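Engineer: Okay, here's the structure, questions in a sec.
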Amino acid sequence: MRLWFNPASPFARKVRVVAREAGVDKRIEEMSILVSPVKAHPDLARENPLVKIPALSTPDEGTLYDSTVICDYLDSLHRGMSLFPKTGSERWRELRLQSLCDGILDAAVLMRYEGAVRPEALRWPDWVAGQMGKVRGGLDALERECAAWGECFAIGEITAACVLGYLDFRFPDESWRASRPALAKWYEKVSQRPSMKATVPA
Ligand SMILES: N[C@@H](CCC(=O)N[C@@H](CS)C(=O)NCC(=O)O)C(=O)O
């Protein structure tokens, strides 16, 4: 299998952490590429019409995207503890947490593009403030919820860890820890997992 990714992408990190937690990472060839929302990468465009990473070329199911689908697929390849609970409230708890964290990442990545890609004359501060409001509101929800996560590190918690890693990487001045001590403590602990250490953004 070939994973189209970039080490800086938080969505690709989700996939790489899941691959390691599921023990299937050795079956994946990681192909690092640079993507831009305004200049389509021609090789990636042949695999994913949205020209986004992550994308996973598989031997049996063609090329899969986006991160939620790829993670679910990788989870189907192993027999250990499932990272996507199949039934009951555990399932909905994990999927909702994943959606919350994907939403925070969507807002954070859009802000990153606004600052790094959009020409200065076209920037719109109110729009950036709106995205930052989603990031902060989402983080406040994680702070309220994280006490209930215990030792669990399934798809929802994995995505939460990738959110916090991305904020440290791209928005170090945001100081998200200042008003979220429980989340900071949780993140300090999960950052020590081999899957997280092996995928620190660069
Ligand atoms: N919902 C997608 C989001 C993927 C995404 O936004 N990837 C970014 C990199 S972090 C990308 O490829 N951007 C290029 C573009 O927007 O054209 C997922 O979960 O995989």
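The values are calculated or read from the model by the stated rules, or taken from the named source; none is laboratory data. Computed from a prediction, not measured in an experiment: that's the story for all the values here. Note that each Cβ is placed from the backbone with ideal geometry, even for glycine, and that neighbours are counted across all protein chains shown. Please note that ligands, DNA and RNA were not included when accessible areas were found on the heavy atoms of the full protein model with its side chains. Shrake-Rupley method; radii C 1.70, N 1.55, O 1.52, S 1.80 Å.
Engineer: With the structure loaded, tell me whether R180 is closer than 17 Å to R13 by Cα and in contact (Cβ under 8 Å) with a residue 40 or more places away in the chain or whether it fails that test. Give the steps one after another, and end with the answer.
Structural biologist: Values: closer than 17 Å to R13 by Cα: no; in contact (Cβ under 8 Å) with a residue 40 or more places away in the chain: yes.
Criteria not met by R180.
Engineer: Kindly indicate which of R27, R79, R20 is surrounded by fewer than 22 Cβ atoms within 10 Å (Cβ to Cβ), away from the ligand (no atom under 15 Å from the Cβ) and within 16 Å of the chain's Cα centre (by Cα). Lay out the reasoning, then the answer.
Structural biologist: Working: R27 fails: within 16 Å of the chain's Cα centre (by Cα); R79 fails: within 16 Å of the chain's Cα centre (by Cα).
Only one candidate passes the filter, namely R20.
Engineer: Go through region 157-202 and give me each residue that's assigned to a loop (DSSP other than H, G, I, E, B), open to solvent by less than 60 Å² (accessible area, probe 1.4 Å) and within 19 Å of K134 (Cβ to Cβ).
Structural biologist: F171, W176, R180
Engineer: M1 passes all but one of (1) away from the ligand (no atom under 12 Å from the Cβ); (2) open to solvent by 60 Å² or more (accessible area, probe 1.4 Å); (3) touching a residue at least 40 places away in the same chain (Cβ under 8 Å); (4) not polar (S, T, N, Q); which number fails?
Structural biologist: (2)
Engineer: Within region 116-131, is even one residue open to solvent by less than 40 Å² (accessible area, probe 1.4 Å), more than 13 Å from the ligand (Cβ to nearest atom) and farther than 24 Å from L83 by Cα? Before the answer, list the steps.
Structural biologist: First pass over region 116-131, keeping only residues open to solvent by less than 40 Å² (accessible area, probe 1.4 Å): 130-131.
This time we only want the ones that are more than 13 Å from the ligand (Cβ to nearest atom), so: 130-131.
Keeping just the survivors that are farther than 24 Å from L83 by Cα gives 130-131.
Yes, region 116-131 contains at least one residue that is open to solvent by less than 40 Å² (accessible area, probe 1.4 Å), more than 13 Å from the ligand (Cβ to nearest atom) and farther than 24 Å from L83 by Cα.
Engineer: Suppose we filter L110, L142, L105 for residues that are open to solvent by 20 Å² or more (accessible area, probe 1.4 Å) and either part of a helix (DSSP H, G or I) or under 23 Å from D75 (Cα atoms) (or both); which single one remains? Talk me through it step by step, then tell me what you get.
Structural biologist: Details: L142 fails: open to solvent by 20 Å² or more (accessible area, probe 1.4 Å); L105 fails: open to solvent by 20 Å² or more (accessible area, probe 1.4 Å).
Answer to the selection: L110.
Engineer: Same structure, new question: Just need a number here: residues in region 39-76 that are assigned to a helix (DSSP H, G or I), more than 19 Å from the chain's Cα centre (by Cα) and not hydrophobic (A, V, I, L, M, F, W, C).
Structural biologist: 4
Engineer: Is there any pair linking a residue in region 68-96 that is modelled with pLDDT of 95 or more to one that is within 15 Å of the ligand (Cβ to nearest atom) and open to solvent by 50 Å² or more (accessible area, probe 1.4 Å), with Cβ under 9 Å and at least six apart or on different chains, and which?
Structural biologist: From residues that are modelled with pLDDT of 95 or more, the pairs are T68/S99; L83/D72; F84/D72.
Engineer: May I ask you to list the residues in region 82-102 that are more than 16 Å from the ligand (Cβ to nearest atom) and part of a loop (DSSP other than H, G, I, E, B)? Give the derivation first.
Structural biologist: The initial filter retains those residues of region 82-102 that are more than 16 Å from the ligand (Cβ to nearest atom), namely 82, 85-93.
Those that are more than 16 Å from the ligand (Cβ to nearest atom) and part of a loop (DSSP other than H, G, I, E, B): S82, P85, K86, T87.
Yes/no per residue for (1) of a type in the set (G, A, S); (2) more than 8 Å from the ligand (Cβ to nearest atom):
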{"position": "V51", "(1), (2)": "no, no"}
{"position": "P54", "(1), (2)": "no, no"}
{"position": "S57", "(1), (2)": "yes, yes"}
{"position": "Y65", "(1), (2)": "no, no"}
{"position": "T68", "(1), (2)": "no, no"}
{"position": "D72", "(1), (2)": "no, yes"}
{"position": "D75", "(1), (2)": "no, yes"}
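Engineer: Listed residues S36, S32; which is touching a strand residue (DSSP E or B) at 6+ places or on another chain (Cβ under 9 Å), in contact (Cβ under 8 Å) with a residue 24 or more places away in the chain, within 23 Å of L167 (Cα to Cα) and surrounded by fewer than 16 Cβ atoms within 10 Å (Cβ to Cβ)?
Structural biologist: Working: S36 fails: touching a strand residue (DSSP E or B) at 6+ places or on another chain (Cβ under 9 Å).
One residue alone meets the criteria, S32.
Engineer: Can I ask one more? Determine, yes or no, whether G156 is over 17 Å from V18 (Cβ atoms) and either touching a residue at least 24 places away in the same chain (Cβ under 8 Å) or out of contact with any helix residue (DSSP H, G or I) (no Cβ under 8 Å at 6 or more places or on another chain) (or both).
Structural biologist: Details: over 17 Å from V18 (Cβ atoms): no; either touching a residue at least 24 places away in the same chain (Cβ under 8 Å) or out of contact with any helix residue (DSSP H, G or I) (no Cβ under 8 Å at 6 or more places or on another chain) (or both): yes.
The answer is no for G156.
Engineer: Looking at K52, is it within 24 Å of V109 (Cβ to Cβ), charged (D, E, K, R) and either surrounded by fewer than 16 Cβ atoms within 10 Å (Cβ to Cβ) or free of Cβ contacts under 8 Å to residues at least 12 places away in the same chain (or both)? It would help to see each step written out before you state the result.
Structural biologist: Values: within 24 Å of V109 (Cβ to Cβ): yes; charged (D, E, K, R): yes; either surrounded by fewer than 16 Cβ atoms within 10 Å (Cβ to Cβ) or free of Cβ contacts under 8 Å to residues at least 12 places away in the same chain (or both): no.
In short, no.
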